[in-house]
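Values quoted throughout were computed directly from the atomic coordinates according to the rules given, and no laboratory measurement underlies them. The model shown is predicted, which means the values in this text are computed figures rather than measured ones. With ideal geometry, Cβ positions are generated from the backbone for all residues, glycine too; neighbour counts draw on all protein chains shown.
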Amino acid sequence: MSPEALLGFCVLVLFAGNETTTNLLGNLLLCFDEHPEVVERLRQNRVLVSGAIEEALRYSSPVKTLPRVTTTETVLGDQRIGPDQFIVVWLGSANRDEAEFPDPDRFDMEREPGYGSQSPDAHTQANARLCAEAKRGCYTKPRKPSSQL
Ligand code: HEM
């Protein structure tokens, strides 16, 4: 790996690991401020903590949008998207999709997990819809050619 690629990777991990986690913790505090009854229940029952974190990831997504490029023609809802199109995936909106999450604007730490969120991994919630679509081979990440790394 070239020094430039190594430096690029360090910058990626610094931003990917730092800003997201900072956003999650800040958003979690805002959720607690909005819902004091949640804090009271967490004080009484620590078992609910992981559900509260999962729900904060959904309710107030630390990453709101991601860029992608379509590889094949696909249809999302009633929207047809051709191949090789730059698109912006709104994770924040997908996480409030009433077709997936009943009463989506309610903070509910005992909610049934949505896409892939059975695993308590921070990435699952944020990446859930992307993964579902990526598995269908609909799009890829915009990438620099390796010669430019
Ligand atoms: C709440 C915490 C986190 C959230 C919400 C989060 C969210 C995400 C999302 C949405 C992506 C996909 C980006 C894309 O595909 O364009 C991603 C990728 C990535 N994340 Fe996280 N992340 C979190 C924590 C971390 C931590 C702690 C690290 C490392 C210390 C990390 C390292 C990475 C890396 C290296 C990628 C790139 C993976 C790739 O390109 O294949 N993330 N993260």
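Using beta carbons and a limit of 6 Å, which pairs, at least six apart or on different chains, have the first residue in the range 4-29 and under 22 Å from residue 50 (Cβ atoms) and near the ligand (Cβ under 8 Å from one of its atoms) and the second one assigned to a helix (DSSP H, G or I) and hydrophobic (A, V, I, L, M, F, W, C)?
No pair meets every condition.
If only one of 24, 42 is more than 18 Å from the chain's Cα centre (by Cα) and not charged (D, E, K, R), which one is it?
On the way: 24 fails: more than 18 Å from the chain's Cα centre (by Cα).
Exactly one of 24, 42 is more than 18 Å from the chain's Cα centre (by Cα) and not charged (D, E, K, R), namely 42.
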